[in-house]
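Written out below as structure tokens is the structure these notes cover.
The values are calculated or read from the model by the stated rules, or taken from the named source; none is laboratory data. Because the structure is predicted, anything quoted here is derived from the model rather than measured. As a convention, Cβ positions derive from the backbone with ideal geometry for all residues, glycine included, and neighbour counts pool all protein chains shown.
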Amino acid sequence: MLKILNYKLIISLIISFSAFVSIAARPFNSTPSAIHNITLTIHLRGVYESKISLMTTVGGNQLIQSILTKESVPDGDTAIFSVPAEYLPGEFVLRFDYKELKTSTPYPAEKNFVINQQNLELWVHPIFSNNPDSTRFQDDEAENSAMARFMNENYAQKEKIGLLQNFLLNYDDNSSDFYKEGITEYEKRRKTHNKWIYDQIKAERGLFVSTLYNFQFVLPFLF
């Protein structure tokens, strides 16, 4: 039984990976396109000081590299980066090597986010860089706010689908009517979820993050 389950998981993963590669190859077409540098303003608080580095993929090797750095930004100060248009739109990592106290050893923290065509302003506490209560963008920020809303709802929906999938994988009577009803319900929920994603992509097609929603589709599973 375990070998059969492993085989099914492997086949489904192959299907998922093939779809992932297909989607990843699609370019993002934004109108109007970003043809100028974008200003990223970072307000630091909560630590003694921090080195701040902006990182992204460089060239075609997909390796994360630092493209801009501020060596020492003290608590309460502001760092301003001019992000070159050649990297836009894209996914970025903001790395903080911060000292909580003057005598502390630098400690790393990272925040992942997206930059497209909008100048960004970020208030950040490096120790809580991924806590929305301590780190936030300006009120009218579009891309990352949309992504956060999408991922919160996506997680809630996928959690229910995942519970049903696990139940079906471990059910021991695959010929029963109850099991077949479970398969039907799984497919119904999967298709409803995917339609919701399609609707979000359509509604937010002007945002770069909408191209990332593709990776959240629930693909057919071989039970």
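Give Ser175, Ser134 a once-over and let me know the one that is in the same structural domain as Glu110 (by TED's automatic domain parsing), hydroxyl-bearing (Ser, Thr, Tyr), outside any helix (DSSP H, G or I) and at pLDDT below 95.
Values: Ser175 fails: in the same structural domain as Glu110 (by TED's automatic domain parsing).
From the options Ser175, Ser134, the qualifying one is Ser134.
When you look at Leu168, is it modelled with pLDDT under 95 and either crowded, with 17+ Cβ neighbours inside 10 Å or not assigned by TED's automatic domain parsing to the domain that holds Tyr48 (or both), yes or no?
Working: modelled with pLDDT under 95: yes; either crowded, with 17+ Cβ neighbours inside 10 Å or not assigned by TED's automatic domain parsing to the domain that holds Tyr48 (or both): yes.
Taking the combined requirement at face value, the residue satisfies it.
Out of the residues in segment 202-222 that are crowded, with 16+ Cβ neighbours inside 10 Å and aliphatic (A, V, I, L, M), state the one that is farthest from the chain's Cα centre (by Cα).
Val218
Only one of (1) touching a residue at least 24 places away in the same chain (Cβ under 8 Å); (2) over 30 Å from Asn194 (Cβ atoms) fails for Val114. Which number is that?
Looking at each condition in turn, Val114 falls short on (2).
Among the residues of segment 121-142, is there at least one that is small (Gly, Ala, Ser), under 19 Å from the mean Cα position of the chain (by Cα) and closer than 29 Å to Arg205 by Cβ?
The answer is yes, given that some residue of segment 121-142 is small (Gly, Ala, Ser), under 19 Å from the mean Cα position of the chain (by Cα) and closer than 29 Å to Arg205 by Cβ.
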